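J.: Dumping the structure here so I can ask a few things about it.
The values are calculated or read from the model by the stated rules, or taken from the named source; none is laboratory data. As the structure is a prediction and not an experimental result, all values here were calculated from the model. Note that each Cβ is placed from the backbone with ideal geometry, even for glycine, and that neighbours are counted across all protein chains shown. The protein model used for the area step is the full one, side chains on, heavy atoms only, and it has no ligands, DNA or RNA in it. Shrake-Rupley method; radii C 1.70, N 1.55, O 1.52, S 1.80 Å.
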Amino acid sequence: MKHRTLLLTVSFFSGIFLWGLSYSLEAQNPGQHFRDIFERETSQKRQESQYGNFRNVSQLSFFPDTLPVWFFQPPHTDHEKVYAMGISDPDLSPEEAFQQAYYRAMVLAVLFNSPRIEYFRDIFTSARDEIPQRGYRQRFDTYLRITASEVADSSQFWLIDNHLTRYNESIVLIRYTPKTERREETDISTISATASVLYIEAHIGDTYEPQASFDLASEIHAYGKIPGKSEFNATRKGIRKNTSSIHNGLRKTFPMFVYRYSNPSREPFTRPLVSYHGLWGIYMPQLLEHITLTTEQARLQIRTLEEQSKPQIQSMIREVAALDARIRLLSLDFNPNEIIFKTRLEEIR
């Protein structure tokens, strides 16, 4: 018994000694210790096992993709030319990514040139006298629709630049000249697009959870060819987000991943933009949300309906705006959670 106790004691203190020796060696060389952890946690094998299912990305990295300067400072649109950017879904082959991004750039160019913008916002309020805290309810329903359709040909679109991210997303910058005379030998297409936003905010007592849906549906129909079609949808409920992409009848899927993007003009060590649904998955919803907020500042017609009956008071205010306008994208910037757009709406009379 004493012998066994002695062996256990020796084993215990030996373990402490070895642990202490290991800790001492790591403390003497902390740089190597942390480098080992970094390599282990950010290696391709680790990333694939954690996020998985990338088909066309051969090497994943912890570092953000640095986007080109023209992404943040695009050329300025005027009455003769429109500049627009298209972004593909992640994890496509470079050729497929470029084609999808170019398609989306043409759609946005037409959508920016001379769209019809329609907006309304309903504000519902109800209150009960006997239970003022629990009886107060307010709901905001906001709806925006942007529609455009133009006939154009390939000679009116020019590729200015393009960039392929480390996640196999193509970013394409194009110039569209809507008033250029068409040449007979070029392919003539009808390009149509509808973008919409539905935003619901409900306050019931202390409960508040906003919901939103952002949609972009488009079609490019060239004479004698199968029409190109695309649908994009992003939904948001509280902090939960989801996206869906269908291009030419095929649903595009890609891994949920910590996609990171940086602005080369920002100071070193600035936190990058983070999106779990790729760059287009955050670019398009936030662009539509920005246009919605900008339209709220346009000319509005306000209608009010109020009904009072004890013990309840109900009222509804409706804000309505409809205009033909040109959308100018002036500049972009990043913070860790969003893209900050600077645009201008120029009403076409």
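J.: Please give the strands (runs of 3 or more DSSP E) falling wholly within region 210-277 in which 3 or more residues are among the basic types (Lys, Arg) and in contact (Cβ under 8 Å) with a residue 12 or more places away in the chain.
T.: Numbers: elements: 211-222, 228-237, 240-247, 250-252, 259-262, 273-275.
Strands (runs of 3 or more DSSP E) meeting the threshold: 228-237.
J.: Against the definition (under 27 Å from the mean Cα position of the chain (by Cα), assigned to a strand (DSSP E or B) and modelled with pLDDT under 95), how does residue 201 come out, yes or no?
T.: Numbers: under 27 Å from the mean Cα position of the chain (by Cα): yes; assigned to a strand (DSSP E or B): yes; modelled with pLDDT under 95: yes.
Here the answer is yes, as residue 201 does meet what is asked.
J.: If we scan region 118-125, do we find a residue that is modelled with pLDDT under 95, of a type in the set (Lys, Arg), in contact with a Ser or Thr (Cβ under 6 Å, 6 or more places away or on another chain) and in a strand (DSSP E or B)?
T.: yes
J.: Could you list, in sequence order, the residues of region 79-91 that are crowded, with 24+ Cβ neighbours inside 10 Å and over 19 Å from the mean Cα position of the chain (by Cα)?
T.: Scanning region 79-91 gives a single hit, 82.
J.: Give the residues of region 138-174 that are more than 27 Å from residue 234 (Cβ to Cβ) and modelled with pLDDT of 95 or more, sorted by residue number.
T.: Matches in region 138-174: 158 only.
J.: Which residues, counting only those in region 72-118, are among the β-branched types (Val, Ile, Thr) and farther than 26 Å from residue 335 by Cα?
T.: Of the residues in region 72-118, the ones among the β-branched types (Val, Ile, Thr) are 77, 82, 87, 107, 110, 117.
Within region 72-118, 82, 107, 110, 117 qualify.
J.: Condition first: surrounded by 21 or more Cβ atoms within 10 Å (Cβ to Cβ) and without any contact (Cβ under 8 Å) to a residue 60 or more places away in the chain. Now tell me which residues in region 92-107 satisfy that.
T.: Of everything in region 92-107, nothing turns out to be surrounded by 21 or more Cβ atoms within 10 Å (Cβ to Cβ) and without any contact (Cβ under 8 Å) to a residue 60 or more places away in the chain.
J.: Would you pick out the residues in region 219-241 that are of a type in the set (S, T, N, Q) and under 18 Å from residue 291 (Cα atoms)?
T.: First pass over region 219-241, keeping only residues of a type in the set (S, T, N, Q): 230, 233, 235.
233, 235 - these are the residues of region 219-241 that are of a type in the set (S, T, N, Q) and under 18 Å from residue 291 (Cα atoms).
J.: Same structure, new question: Is it fair to say residue 111 is under 17 Å from residue 166 (Cα atoms), open to solvent by less than 50 Å² (accessible area, probe 1.4 Å) and not β-branched (Val, Ile, Thr)? Steps first, please.
T.: Details: under 17 Å from residue 166 (Cα atoms): no; open to solvent by less than 50 Å² (accessible area, probe 1.4 Å): yes; not β-branched (Val, Ile, Thr): yes.
So residue 111 fails the test.
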